[in-house]
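The structure appears below as C-alpha coordinates.
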Amino acid sequence: MLRADVLVVGAGPAGCVAAWEAAAAAPGLDVLLIERDDAVGAPVRCAEGVGSAGLREFLNPDGAPWYSRKITKVIFWAPDDSEVRVGGGDIGYILDRTRFEPALADEAKRVGAEIWTGTEAVGMERLNGGWKVRLHGPRGEQDVLAKLVIGADGVESMVGRWAGLDTRVAARDMESCAQYVISNIAVDPDAIYLHFADRWAPGGYAWVFPKGVGVANVGLGLVALKSDGRSACAYLDAYAARYFPDGEVLGRTVGGVIAGVTVKQAVADAVMLAGDAAHMINPLSGGGIVNAMKAGRLAGRHAAAAIAAGDTSARRLNRYRDDWMALLGEDHIKYYRIKEALGKLDDAFFNRLARTVNAIPVEQRTLGRIFAHALVNHPRLIPVAARLFL
Ligand SMILES: Cc1cc2nc3c(=O)[nH]c(=O)nc-3n(C[C@H](O)[C@H](O)[C@H](O)COP(=O)(O)OP(=O)(O)OC[C@H]3O[C@@H](n4cnc5c(N)ncnc54)[C@H](O)[C@@H]3O)c2cc1C
(Lines give C-alpha, C1' and ligand atoms only; values in the text may rest on other atoms or scores of the structure.)
Protein backbone atom coordinates (compact mmCIF):
# COMPACT_ATOMS: atom_id res chain seq x y z
CA MET A 1 0.00 0.00 0.00
CA LEU A 2 1.16 3.54 -0.78
CA ARG A 3 1.87 5.76 2.18
CA ALA A 4 1.65 9.53 2.71
CA ASP A 5 2.03 11.67 5.78
CA VAL A 6 -0.61 14.14 4.62
CA LEU A 7 -3.16 13.37 1.92
CA VAL A 8 -4.99 16.46 0.67
CA VAL A 9 -8.20 15.71 -1.22
CA GLY A 10 -9.12 18.40 -3.77
CA ALA A 11 -6.83 20.89 -5.54
CA GLY A 12 -8.97 24.03 -5.28
CA PRO A 13 -7.60 27.08 -3.45
CA ALA A 14 -7.97 25.37 -0.04
CA GLY A 15 -6.22 22.14 -1.05
CA CYS A 16 -3.38 23.76 -3.03
CA VAL A 17 -2.53 26.09 -0.16
CA ALA A 18 -2.89 23.31 2.45
CA ALA A 19 -0.42 21.14 0.51
CA TRP A 20 1.92 24.11 0.00
CA GLU A 21 1.90 25.07 3.69
CA ALA A 22 2.20 21.51 5.04
CA ALA A 23 5.18 20.75 2.78
CA ALA A 24 6.79 24.13 3.50
CA ALA A 25 6.34 23.75 7.26
CA ALA A 26 8.14 20.41 7.42
CA PRO A 27 10.62 19.56 4.66
CA GLY A 28 10.69 15.80 4.25
CA LEU A 29 6.99 15.41 5.02
CA ASP A 30 5.27 13.26 2.35
CA VAL A 31 2.42 15.44 1.10
CA LEU A 32 0.17 14.10 -1.65
CA LEU A 33 -2.47 16.36 -3.24
CA ILE A 34 -5.09 14.64 -5.40
CA GLU A 35 -7.59 16.24 -7.79
CA ARG A 36 -10.38 14.34 -9.52
CA ASP A 37 -10.51 16.67 -12.53
CA ASP A 38 -7.93 16.11 -15.25
CA ALA A 39 -6.47 19.58 -14.76
CA VAL A 40 -6.03 21.74 -11.67
CA GLY A 41 -8.26 24.83 -11.99
CA ALA A 42 -10.67 23.59 -14.65
CA PRO A 43 -13.58 23.55 -15.17
CA VAL A 44 -14.34 26.94 -13.57
CA ARG A 45 -17.53 27.19 -11.50
CA CYS A 46 -16.97 30.65 -10.10
CA ALA A 47 -17.24 34.39 -10.79
CA GLU A 48 -13.52 34.60 -9.87
CA GLY A 49 -13.62 37.86 -7.88
CA VAL A 50 -11.17 38.33 -4.99
CA GLY A 51 -10.18 41.22 -2.75
CA SER A 52 -6.71 42.58 -3.27
CA ALA A 53 -5.45 42.41 0.34
CA GLY A 54 -6.44 38.77 0.86
CA LEU A 55 -4.99 37.69 -2.46
CA ARG A 56 -1.66 39.38 -1.77
CA GLU A 57 -1.20 37.28 1.36
CA PHE A 58 -0.57 34.34 -0.98
CA LEU A 59 0.59 35.44 -4.43
CA ASN A 60 1.70 38.73 -5.90
CA PRO A 61 -0.66 39.78 -8.71
CA ASP A 62 1.62 42.51 -10.11
CA GLY A 63 2.31 41.44 -13.71
CA ALA A 64 0.98 37.92 -13.05
CA PRO A 65 -0.59 35.96 -15.93
CA TRP A 66 -3.31 34.39 -13.76
CA TYR A 67 -5.82 37.21 -13.53
CA SER A 68 -8.16 38.69 -16.12
CA ARG A 69 -8.91 42.17 -14.76
CA LYS A 70 -7.85 44.52 -12.02
CA ILE A 71 -10.89 46.05 -10.31
CA THR A 72 -10.95 49.65 -9.14
CA LYS A 73 -14.69 50.31 -8.71
CA VAL A 74 -17.72 48.65 -7.15
CA ILE A 75 -21.15 49.52 -8.57
CA PHE A 76 -24.35 48.49 -6.82
CA TRP A 77 -27.57 48.33 -8.76
CA ALA A 78 -30.67 48.87 -6.64
CA PRO A 79 -33.87 46.95 -7.44
CA ASP A 80 -35.14 49.95 -9.48
CA ASP A 81 -31.84 49.86 -11.47
CA SER A 82 -30.46 53.06 -9.94
CA GLU A 83 -26.69 52.92 -9.71
CA VAL A 84 -24.59 53.48 -6.58
CA ARG A 85 -20.83 53.79 -7.06
CA VAL A 86 -18.50 53.13 -4.15
CA GLY A 87 -14.82 52.52 -3.66
CA GLY A 88 -11.84 53.37 -5.74
CA GLY A 89 -8.25 52.23 -6.03
CA ASP A 90 -6.81 48.79 -5.55
CA ILE A 91 -10.03 46.91 -4.72
CA GLY A 92 -9.51 43.48 -6.20
CA TYR A 93 -9.04 41.18 -9.15
CA ILE A 94 -11.05 38.92 -11.40
CA LEU A 95 -8.90 35.82 -11.52
CA ASP A 96 -8.42 33.37 -14.33
CA ARG A 97 -8.84 30.30 -12.17
CA THR A 98 -7.65 28.00 -14.95
CA ARG A 99 -4.25 29.62 -14.37
CA PHE A 100 -4.54 30.75 -10.75
CA GLU A 101 -4.93 27.32 -9.15
CA PRO A 102 -2.06 25.90 -11.25
CA ALA A 103 0.08 28.78 -9.91
CA LEU A 104 -0.84 27.79 -6.35
CA ALA A 105 -0.20 24.12 -7.18
CA ASP A 106 3.24 25.07 -8.54
CA GLU A 107 4.09 26.59 -5.16
CA ALA A 108 3.07 23.34 -3.49
CA LYS A 109 5.24 21.36 -5.95
CA ARG A 110 8.17 23.72 -5.45
CA VAL A 111 8.28 22.89 -1.74
CA GLY A 112 8.02 19.14 -2.36
CA ALA A 113 4.31 18.20 -2.48
CA GLU A 114 3.30 15.61 -5.06
CA ILE A 115 0.19 16.25 -7.17
CA TRP A 116 -1.94 13.66 -8.94
CA THR A 117 -4.68 14.88 -11.26
CA GLY A 118 -7.49 12.73 -12.65
CA THR A 119 -7.48 10.96 -9.28
CA GLU A 120 -10.60 10.76 -7.13
CA ALA A 121 -10.92 9.69 -3.49
CA VAL A 122 -13.86 7.26 -3.44
CA GLY A 123 -13.91 6.13 0.19
CA MET A 124 -11.85 5.85 3.36
CA GLU A 125 -11.62 3.84 6.56
CA ARG A 126 -9.59 4.04 9.76
CA LEU A 127 -6.38 2.00 9.83
CA ASN A 128 -3.31 2.07 12.10
CA GLY A 129 -4.18 5.46 13.61
CA GLY A 130 -4.52 7.03 10.15
CA TRP A 131 -6.87 6.54 7.20
CA LYS A 132 -6.78 4.08 4.33
CA VAL A 133 -8.13 6.10 1.39
CA ARG A 134 -9.32 4.37 -1.77
CA LEU A 135 -8.28 6.26 -4.93
CA HIS A 136 -9.59 5.87 -8.43
CA GLY A 137 -7.42 7.29 -11.22
CA PRO A 138 -5.14 6.64 -14.18
CA ARG A 139 -3.32 4.00 -12.13
CA GLY A 140 -6.64 2.20 -11.57
CA GLU A 141 -7.90 1.56 -8.03
CA GLN A 142 -5.35 1.89 -5.27
CA ASP A 143 -5.20 2.53 -1.54
CA VAL A 144 -3.11 5.13 0.24
CA LEU A 145 -2.43 4.90 3.95
CA ALA A 146 -2.31 8.50 5.20
CA LYS A 147 -1.37 9.65 8.69
CA LEU A 148 -3.70 12.59 8.22
CA VAL A 149 -6.28 13.58 5.59
CA ILE A 150 -7.22 17.17 4.73
CA GLY A 151 -10.64 17.27 3.08
CA ALA A 152 -10.52 20.27 0.74
CA ASP A 153 -13.06 18.68 -1.55
CA GLY A 154 -15.43 21.61 -1.92
CA VAL A 155 -19.12 22.15 -1.56
CA GLU A 156 -20.07 18.49 -2.11
CA SER A 157 -17.39 17.24 0.29
CA MET A 158 -17.42 13.51 0.99
CA VAL A 159 -14.32 13.38 3.21
CA GLY A 160 -16.25 14.95 6.10
CA ARG A 161 -19.08 12.46 5.73
CA TRP A 162 -16.71 9.50 5.50
CA ALA A 163 -15.09 10.70 8.73
CA GLY A 164 -18.50 10.89 10.43
CA LEU A 165 -18.68 14.71 10.57
CA ASP A 166 -22.01 16.48 10.20
CA THR A 167 -21.63 18.64 7.07
CA ARG A 168 -25.31 18.87 6.16
CA VAL A 169 -26.58 22.24 4.92
CA ALA A 170 -29.95 23.78 5.79
CA ALA A 171 -31.94 24.56 2.63
CA ARG A 172 -32.16 28.24 3.63
CA ASP A 173 -28.35 28.42 3.60
CA MET A 174 -27.82 26.88 0.17
CA GLU A 175 -27.64 29.31 -2.74
CA SER A 176 -28.15 27.91 -6.22
CA CYS A 177 -26.00 29.76 -8.73
CA ALA A 178 -25.95 30.02 -12.50
CA GLN A 179 -23.39 31.93 -14.50
CA TYR A 180 -22.74 32.65 -18.17
CA VAL A 181 -19.64 34.13 -19.75
CA ILE A 182 -21.18 36.78 -22.02
CA SER A 183 -19.41 38.79 -24.70
CA ASN A 184 -20.52 41.84 -26.66
CA ILE A 185 -21.74 43.73 -23.60
CA ALA A 186 -21.15 47.33 -22.60
CA VAL A 187 -20.01 47.47 -18.98
CA ASP A 188 -17.11 49.24 -17.30
CA PRO A 189 -14.27 46.68 -17.51
CA ASP A 190 -12.69 48.05 -14.33
CA ALA A 191 -15.81 47.67 -12.17
CA ILE A 192 -17.75 44.85 -10.59
CA TYR A 193 -21.53 45.19 -10.54
CA LEU A 194 -23.73 43.76 -7.79
CA HIS A 195 -27.47 43.83 -8.39
CA PHE A 196 -29.92 43.34 -5.55
CA ALA A 197 -33.53 42.69 -6.52
CA ASP A 198 -35.98 40.03 -5.45
CA ARG A 199 -37.31 39.57 -8.96
CA TRP A 200 -33.85 38.75 -10.33
CA ALA A 201 -32.19 36.89 -7.45
CA PRO A 202 -34.43 36.20 -4.42
CA GLY A 203 -32.32 35.75 -1.28
CA GLY A 204 -29.11 36.53 -3.17
CA TYR A 205 -27.88 38.87 -5.87
CA ALA A 206 -26.86 39.05 -9.50
CA TRP A 207 -23.32 40.00 -10.55
CA VAL A 208 -21.36 41.18 -13.56
CA PHE A 209 -17.62 40.58 -13.15
CA PRO A 210 -15.56 41.69 -16.19
CA LYS A 211 -13.13 39.25 -17.79
CA GLY A 212 -12.02 41.79 -20.39
CA VAL A 213 -13.38 44.69 -22.42
CA GLY A 214 -16.91 43.72 -23.50
CA VAL A 215 -16.87 40.29 -21.84
CA ALA A 216 -17.89 39.31 -18.30
CA ASN A 217 -18.97 36.57 -15.94
CA VAL A 218 -22.68 37.32 -15.55
CA GLY A 219 -24.42 35.28 -12.90
CA LEU A 220 -26.74 35.12 -9.96
CA GLY A 221 -27.27 33.19 -6.78
CA LEU A 222 -30.68 32.60 -5.21
CA VAL A 223 -32.21 30.72 -2.32
CA ALA A 224 -34.58 28.14 -3.80
CA LEU A 225 -36.96 28.44 -0.83
CA LYS A 226 -37.49 32.12 -1.73
CA SER A 227 -37.81 31.62 -5.48
CA ASP A 228 -40.97 31.24 -7.56
CA GLY A 229 -40.01 27.68 -8.44
CA ARG A 230 -37.87 28.49 -11.49
CA SER A 231 -34.27 27.26 -11.62
CA ALA A 232 -31.29 29.60 -11.26
CA CYS A 233 -30.67 29.12 -15.02
CA ALA A 234 -34.21 30.24 -15.84
CA TYR A 235 -33.73 33.34 -13.68
CA LEU A 236 -30.42 34.03 -15.42
CA ASP A 237 -31.94 33.61 -18.89
CA ALA A 238 -34.52 36.26 -18.00
CA TYR A 239 -31.84 38.51 -16.51
CA ALA A 240 -29.51 38.24 -19.51
CA ALA A 241 -32.39 38.87 -21.93
CA ARG A 242 -33.37 42.02 -20.00
CA TYR A 243 -29.92 43.56 -19.47
CA PHE A 244 -27.70 42.07 -22.19
CA PRO A 245 -30.04 41.32 -25.12
CA ASP A 246 -27.18 41.62 -27.65
CA GLY A 247 -24.74 39.56 -25.63
CA GLU A 248 -23.33 36.28 -26.88
CA VAL A 249 -23.15 33.46 -24.37
CA LEU A 250 -19.70 31.85 -24.54
CA GLY A 251 -19.95 29.51 -21.58
CA ARG A 252 -22.36 28.32 -18.90
CA THR A 253 -21.90 26.92 -15.45
CA VAL A 254 -23.98 26.13 -12.36
CA GLY A 255 -22.94 25.54 -8.78
CA GLY A 256 -23.87 25.84 -5.13
CA VAL A 257 -22.67 28.28 -2.50
CA ILE A 258 -23.13 27.46 1.18
CA ALA A 259 -24.01 30.83 2.72
CA GLY A 260 -24.07 29.58 6.32
CA VAL A 261 -21.48 29.44 9.10
CA THR A 262 -18.50 27.15 9.67
CA VAL A 263 -19.41 23.54 10.54
CA LYS A 264 -19.35 22.80 14.27
CA GLN A 265 -16.96 19.91 13.77
CA ALA A 266 -14.26 20.69 11.22
CA VAL A 267 -11.97 17.93 12.50
CA ALA A 268 -12.08 14.26 13.45
CA ASP A 269 -9.23 11.96 14.44
CA ALA A 270 -6.57 12.44 11.73
CA VAL A 271 -8.98 14.46 9.52
CA MET A 272 -9.37 18.19 8.93
CA LEU A 273 -11.80 19.99 6.61
CA ALA A 274 -10.87 23.26 4.89
CA GLY A 275 -12.62 25.75 2.60
CA ASP A 276 -16.09 25.06 1.21
CA ALA A 277 -15.92 21.53 2.66
CA ALA A 278 -16.16 23.15 6.12
CA HIS A 279 -18.62 25.90 5.03
CA MET A 280 -16.01 28.65 5.37
CA ILE A 281 -17.57 30.99 2.79
CA ASN A 282 -18.45 34.57 3.74
CA PRO A 283 -22.25 34.22 4.16
CA LEU A 284 -22.91 37.85 3.23
CA SER A 285 -20.89 38.08 0.00
CA GLY A 286 -20.74 34.40 -0.97
CA GLY A 287 -16.99 34.84 -1.50
CA GLY A 288 -14.95 31.77 -0.64
CA ILE A 289 -11.67 31.82 -2.57
CA VAL A 290 -9.53 33.83 -0.15
CA ASN A 291 -11.25 32.19 2.83
CA ALA A 292 -10.40 28.79 1.40
CA MET A 293 -6.74 29.80 1.04
CA LYS A 294 -6.62 31.15 4.60
CA ALA A 295 -8.18 27.95 5.91
CA GLY A 296 -5.80 25.86 3.80
CA ARG A 297 -2.85 27.76 5.26
CA LEU A 298 -4.00 27.06 8.82
CA ALA A 299 -4.84 23.42 8.04
CA GLY A 300 -1.48 22.76 6.38
CA ARG A 301 0.48 24.24 9.29
CA HIS A 302 -1.55 22.43 11.95
CA ALA A 303 -1.27 19.16 10.02
CA ALA A 304 2.54 19.40 9.87
CA ALA A 305 2.74 20.30 13.57
CA ALA A 306 0.40 17.47 14.62
CA ILE A 307 2.43 14.90 12.70
CA ALA A 308 5.69 16.23 14.14
CA ALA A 309 4.17 15.92 17.62
CA GLY A 310 2.92 12.38 16.87
CA ASP A 311 -0.60 13.41 17.89
CA THR A 312 -3.27 13.65 15.20
CA SER A 313 -6.21 13.23 17.57
CA ALA A 314 -9.33 15.35 17.05
CA ARG A 315 -8.59 16.91 20.42
CA ARG A 316 -5.30 18.32 19.18
CA LEU A 317 -6.58 19.18 15.67
CA ASN A 318 -9.33 21.25 17.24
CA ARG A 319 -6.69 23.96 17.65
CA TYR A 320 -7.05 24.40 13.90
CA ARG A 321 -10.79 25.11 14.18
CA ASP A 322 -10.16 27.44 17.13
CA ASP A 323 -7.63 29.42 15.07
CA TRP A 324 -10.04 29.57 12.14
CA MET A 325 -12.89 30.82 14.33
CA ALA A 326 -10.63 33.55 15.74
CA LEU A 327 -9.42 34.52 12.25
CA LEU A 328 -12.75 34.61 10.36
CA GLY A 329 -15.28 32.09 11.66
CA GLU A 330 -16.63 34.35 14.42
CA ASP A 331 -17.00 37.20 11.90
CA HIS A 332 -19.01 34.89 9.68
CA ILE A 333 -21.48 34.33 12.51
CA LYS A 334 -22.01 38.12 12.67
CA TYR A 335 -22.30 38.41 8.87
CA TYR A 336 -24.83 35.60 8.90
CA ARG A 337 -27.00 37.47 11.42
CA ILE A 338 -26.79 40.61 9.29
CA LYS A 339 -27.75 38.65 6.20
CA GLU A 340 -30.81 37.28 8.00
CA ALA A 341 -31.82 40.78 9.12
CA LEU A 342 -31.30 42.29 5.64
CA GLY A 343 -33.40 39.47 4.20
CA LYS A 344 -36.41 40.92 6.01
CA LEU A 345 -36.13 44.27 4.17
CA ASP A 346 -37.89 44.65 0.83
CA ASP A 347 -36.93 46.08 -2.57
CA ALA A 348 -38.61 49.43 -1.83
CA PHE A 349 -36.34 49.84 1.18
CA PHE A 350 -33.20 49.21 -0.88
CA ASN A 351 -34.35 51.71 -3.51
CA ARG A 352 -34.65 54.35 -0.78
CA LEU A 353 -31.26 53.35 0.64
CA ALA A 354 -29.68 53.82 -2.81
CA ARG A 355 -31.09 57.36 -2.96
CA THR A 356 -29.62 58.13 0.47
CA VAL A 357 -26.16 56.94 -0.55
CA ASN A 358 -26.32 58.77 -3.86
CA ALA A 359 -26.94 62.00 -1.94
CA ILE A 360 -23.32 61.70 -0.67
CA PRO A 361 -20.81 63.04 -3.24
CA VAL A 362 -19.01 60.10 -4.90
CA GLU A 363 -15.57 61.16 -3.68
CA GLN A 364 -16.83 61.25 -0.08
CA ARG A 365 -18.41 57.79 -0.08
CA THR A 366 -16.30 56.09 2.54
CA LEU A 367 -17.77 53.05 4.26
CA GLY A 368 -18.07 54.95 7.55
CA ARG A 369 -19.95 57.86 5.98
CA ILE A 370 -22.31 55.57 4.06
CA PHE A 371 -22.99 53.65 7.25
CA ALA A 372 -23.70 56.81 9.27
CA HIS A 373 -26.01 58.34 6.60
CA ALA A 374 -27.84 55.06 6.19
CA LEU A 375 -28.47 54.71 9.93
CA VAL A 376 -29.67 58.29 10.34
CA ASN A 377 -32.03 58.14 7.36
CA HIS A 378 -33.24 54.58 7.74
CA PRO A 379 -33.89 53.65 11.38
CA ARG A 380 -34.97 50.16 10.20
CA LEU A 381 -31.26 49.50 9.70
CA ILE A 382 -30.43 50.08 13.37
CA PRO A 383 -31.37 46.54 14.50
CA VAL A 384 -29.40 45.20 11.51
CA ALA A 385 -26.30 47.18 12.48
CA ALA A 386 -26.74 46.14 16.11
CA ARG A 387 -26.14 42.55 15.05
CA LEU A 388 -22.58 43.49 14.20
CA PHE A 389 -21.95 43.92 17.90
CA LEU A 390 -24.14 41.12 19.31
C1 LIG B 1 -21.24 30.38 -9.47
C2 LIG B 1 -20.25 30.65 -8.36
C3 LIG B 1 -19.61 31.87 -8.30
C4 LIG B 1 -18.67 32.12 -7.29
N5 LIG B 1 -18.02 33.32 -7.31
C6 LIG B 1 -17.07 33.57 -6.38
C7 LIG B 1 -16.33 34.77 -6.42
O8 LIG B 1 -16.48 35.61 -7.31
N9 LIG B 1 -15.40 34.99 -5.45
C10 LIG B 1 -15.18 34.09 -4.44
O11 LIG B 1 -14.32 34.34 -3.57
N12 LIG B 1 -15.87 32.93 -4.39
C13 LIG B 1 -16.80 32.64 -5.33
N14 LIG B 1 -17.48 31.46 -5.30
C15 LIG B 1 -17.15 30.49 -4.24
C16 LIG B 1 -15.80 29.82 -4.54
O17 LIG B 1 -15.84 29.24 -5.82
C18 LIG B 1 -15.49 28.75 -3.50
O19 LIG B 1 -15.75 29.25 -2.21
C20 LIG B 1 -14.03 28.30 -3.58
O21 LIG B 1 -13.75 27.72 -4.82
C22 LIG B 1 -13.75 27.28 -2.47
O23 LIG B 1 -12.49 26.70 -2.63
P24 LIG B 1 -12.24 25.20 -2.13
O25 LIG B 1 -10.81 24.92 -2.39
O26 LIG B 1 -12.76 25.04 -0.75
O27 LIG B 1 -13.19 24.30 -3.03
P28 LIG B 1 -13.20 24.10 -4.62
O29 LIG B 1 -12.67 25.28 -5.30
O30 LIG B 1 -14.59 23.65 -4.94
O31 LIG B 1 -12.18 22.90 -4.86
C32 LIG B 1 -12.50 21.58 -4.48
C33 LIG B 1 -11.75 20.66 -5.40
O34 LIG B 1 -11.88 19.32 -4.91
C35 LIG B 1 -12.04 18.46 -6.01
N36 LIG B 1 -12.68 17.23 -5.48
C37 LIG B 1 -13.92 17.11 -4.98
N38 LIG B 1 -14.13 15.84 -4.54
C39 LIG B 1 -12.98 15.16 -4.77
C40 LIG B 1 -12.58 13.81 -4.55
N41 LIG B 1 -13.41 12.93 -3.97
N42 LIG B 1 -11.33 13.43 -4.92
C43 LIG B 1 -10.48 14.33 -5.50
N44 LIG B 1 -10.81 15.62 -5.75
C45 LIG B 1 -12.05 16.04 -5.37
C46 LIG B 1 -12.92 19.24 -6.98
O47 LIG B 1 -12.80 18.74 -8.30
C48 LIG B 1 -12.32 20.64 -6.82
O49 LIG B 1 -11.29 20.89 -7.73
C50 LIG B 1 -18.41 31.15 -6.30
C51 LIG B 1 -19.09 29.93 -6.34
C52 LIG B 1 -19.98 29.68 -7.35
C53 LIG B 1 -20.69 28.35 -7.39
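The values are calculated or read from the model by the stated rules, or taken from the named source; none is laboratory data. If you're wondering where the values come from, they're calculated on a predicted model, not measured in any experiment. Every residue, glycine among them, receives a Cβ derived from its backbone with ideal geometry; neighbour counts consider all protein chains shown. Side chains included, ligands, DNA and RNA excluded: accessible areas come from the protein's heavy atoms. Shrake-Rupley method; radii C 1.70, N 1.55, O 1.52, S 1.80 Å.
Of Tyr239, Tyr67, the order by accessible heavy-atom surface (1.4 Å probe, DNA, RNA and ligands excluded), from most exposed downward, is Tyr67, Tyr239. The slack between Glu340 and Glu248, meaning 0.36 nm per residue of separation minus the straight C-alpha distance, is 29.6 nm. Rounded to the nearest 10 degrees, the inclination of helix 314-324 to the longest alpha-carbon principal axis of the chain is 30 degrees. Here the relative contact order of segment 253-345, from alpha carbon pairs under 8 Å that lie six or more residues apart, stands at 32 percent.
Taken about its Cα centre, segment 341-386 carries a charge dipole of roughly 80 debye when the Cβ of each Lys and Arg holds +1 and the Cβ of each Asp and Glu holds -1. Computed with every protein chain present, the accessible area of Val362 is close to 80 Å² [probe 1.4 Å].
Based on DSSP H runs of at least 4 residues, each adding -39500 (n - 2.57), what is the mean residue ellipticity at 222 nm of the chain after dividing by all its residues, to the nearest 500 deg cm²/dmol? Calculated at 222 nm, the ellipticity per residue is -9500 deg cm²/dmol.
Below 8 Å, C-alpha to C-alpha, sequence gap of six or more: please give me the relative contact order for the chain in percent. Relative contact order here is 20 percent.
Here the gap between Ala171 and Asn318, fully extended at 0.36 nm per residue and compared with their Cα-Cα distance, gives a gain of 50.2 nm. Remark: accessible surface ordering of Phe371, Phe244, Phe350 (largest first) is Phe371, Phe350, Phe244, probe radius 1.4 Å.
How much net charge surrounds Gly296 when only the other residues with a Cβ under 13 Å from the Cβ of Gly296 are counted, with Lys and Arg +1 and Asp and Glu -1? Around Gly296, the surrounding residues sum to -4. Among Arg126, Arg321, Arg369, the largest mean-square fluctuation in a Gaussian network model of the chain, built with springs joining Cα atoms closer than 10 Å, belongs to Arg369.
Computed over protein heavy atoms with a 1.4 Å probe, the accessible surface of the chain works out to 44 Å² per residue. Between Val376 and Met1, the modelled label-to-label distance comes to 6.8 nm, taking each label 7 Å out from Cα in the direction of the beta carbon. Computed with a 1.4 Å probe over protein heavy atoms only, the accessible area of Met325 comes to about 20 Å².
Ranking of Asp173, Asp237 by solvent-accessible surface, largest first: Asp237, Asp173 (1.4 Å probe, protein heavy atoms only, all chains present).
Computed over protein heavy atoms with a 1.4 Å probe, the carbon and sulfur contribution to the accessible area of the chain reaches 52%.
Take the alpha carbon atoms of segment 208-255, find their center, do the same for segment 172-204, and report the distance between the two centers in whole angstrom. That distance is 6 Å. Once you order the gyration tensor axes a ≥ b ≥ c over the Cα atoms, which shape class does segment 212-330 get: rounded for a/c under 1.5, otherwise prolate or oblate by comparing a/b with b/c? Since a/c reaches 1.5 and a/b is larger than b/c, the shape of segment 212-330 is classed as prolate. Here the simple spin-label model places points 7 Å from the Cα toward Cβ, and for Thr366 and Lys70 these points are separated by 2.4 nm. A simple spin-label model places pseudo-atoms 7 Å from Cα toward Cβ; at Arg199 and Ala53 they are separated by 3.8 nm.
To the nearest 0.05, what FRET efficiency results for Asp62 and Leu127 with a Förster distance of 56 Å applied to their C-beta separation? After rounding to 0.05, the efficiency reads 0.75.
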